[in-house]
Each structure stands twice: as structure tokens, then as C-alpha cells.
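Student: Below is a structure I'd like to ask you about.
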Amino acid sequence: MKFFIDTASLAQIKEAQELGILDGVTTNPSLMAKEGITGTDRVMKHYVDICNIVDGDVSAEVISTDYEGMVREGENLAALHPNITVKLPMTRDGIKAIKHFHGKGIKTNCTLVFSAGQALLAAKAGAKYVSPFVGRLDDVSTDGLQLIEQIRGIYDNYQFETQILAASIRHPMHIVQCAEIGADVATCPLSAILALFNHPLTDIGLEKFLADHKKAAKQHAPAK
Ligand code: E4P
């Protein structure tokens, strides 16, 4: 399973990249706003900055909601860097734009997916990624992971090439369960990735190894 980081923070992207396990980045307008990135020029430069840190797909979301606007915006985004993946919402115009970009060999990510039917449409249109929002479904008492499982089954039935990009990941167990189900990608906040490292027995074990090493080194030190 690929690991993407779900942020527009260059510092967090660099931190994840330095771990050596990062495969890509997803952003959205809320995440860009959180970093204070506004205005077309700054937004475009920010995407290029992200692409220069990570050697993998970087999802850049369109703001337009009509087909013509999405196509115009998406083409400008795709021209920024080969790693840019145009992120489009699951709407009628979004699906039409995904089909258009598929024909032109431009990578897309269909976002805001909350049902298997929507995921089926994204695959039919030729999206490279489909983004079901696990955490936001959990928030409304619906099993987000069950949706990942359902989409996995449908895509496998027909060998759709669209990759399942599990989004709205909130904690490390979401990541582990997505891997068990067979999601192709999980896009996660840095906190959830870092939480995967933690186990008290690892800390206790390392402390004991180092203490034993120190004790033995003292016992067997050559006499002065
Ligand atoms: C997906 O690409 C979105 O950016 C993201 O995962 C949304 O997550 P949230 O529900 O935590 O905002």
C-alpha cells in the first residue's frame, strides 16, 4: 500500500519524505487555506514546491464547479509538473472532466466519494484514483472501512485500474485496516503516520538492549 500525506504544509511533507516511506501528497482547498496559501500565483508556486520535495503523485484540487472551468483549471495545474494529479469532485461535471482528462493522458483523483456507486462512476470515467472519505463517514455513524471493502470487491470484479485512495484517515488503525482490505493508497495526516511507529514494548526492549550492552562493556572493559 502506498502512503500519501494529506497536507499542504511543506514542513510536514519534508518530515514525512525524510522518513523514506512517502509515495505522494494530497491537498484540498481547506488544507491550502490552513497554510494561508491564496491567490493563483501563490497556489501554483506552492504546488511546484510540493512536487520538488516528493517524487510521487501530488493531488491539486480545482476550485471550479462547471465543466469548462474544471478543464481550464485542470490543464493549467497539470502543466505545472508531471507529478500533478488533477483532483476533481464527484459531480456530473467532475465526472465529465475526468473522462476528458483520461482521454488526454492527464492523471485525475475523484474526490468526495461516499458511496460504491460514485466509485463505480469514477472508475468508468477513467480516474487514476478514487478518494472515499473514511473518517467523514465514520463521523456520521456509517462504516467508512466497509465502503473501502465494497469498492475493492467491485473494482476486482472488473479489473478496473482506478486505484482506491483511502482518504479522511484519522488514526493508525484506519491505516492498518485499509492495508488489510487492500486499499491501494492511504492518504494520512502526519500524526497518523507517526503513530504507526509507537509500541511500548519497542521502547522497553530498546532500553533493555542498551542497558545490557552498557553493563557488559563495563564488566569486560580491559583493566587499566
Ligand atoms: C482527501 O484527499 C482529503 O484531502 C482529506 O483526506 C479529507 O480529510 P478530512 O476529512 O480529515 O478533512
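Student: Restricting attention to the stretch 86-131, which residues are of a type in the set (S, T, N, Q), under 21 Å from G24 (Cβ atoms) and free of Cβ contacts under 8 Å to residues at least 60 places away in the same chain?
Tutor: T108
Student: Tally the residues that are out of contact with any Pro (no Cβ under 7 Å at 6 or more places or on another chain) and either closer than 16 Å to T85 by Cα or part of a loop (DSSP other than H, G, I, E, B) (or both), restricting the search to the stretch 1-22.
Tutor: Number satisfying all stated conditions: 11.
Student: Residues in the stretch 24-47: is at least one buried (at least 16 other Cβ atoms within 10 Å of the Cβ) and among the basic types (K, R)?
Tutor: no
Student: Another question about this same structure. Can you find even one residue in the stretch 26-34 that is within 19 Å of Q163 (Cα to Cα) and in contact with a helix residue (DSSP H, G or I) (Cβ under 9 Å, 6 or more places away or on another chain)?
Tutor: If we filter the stretch 26-34 for residues that are within 19 Å of Q163 (Cα to Cα), which is where we start, we get 26-28.
Pick out the ones that are also in contact with a helix residue (DSSP H, G or I) (Cβ under 9 Å, 6 or more places away or on another chain) and you get 27.
Yes, the stretch 26-34 contains a residue that is within 19 Å of Q163 (Cα to Cα) and in contact with a helix residue (DSSP H, G or I) (Cβ under 9 Å, 6 or more places away or on another chain).
Only the coordinates and a few stated rules stand behind these numbers; no lab work does. Remember, it's a predicted structure, so these values are computed and weren't measured experimentally. No Cβ is skipped: glycine too gets one built from the backbone with ideal geometry, and neighbour counts run over all protein chains shown.
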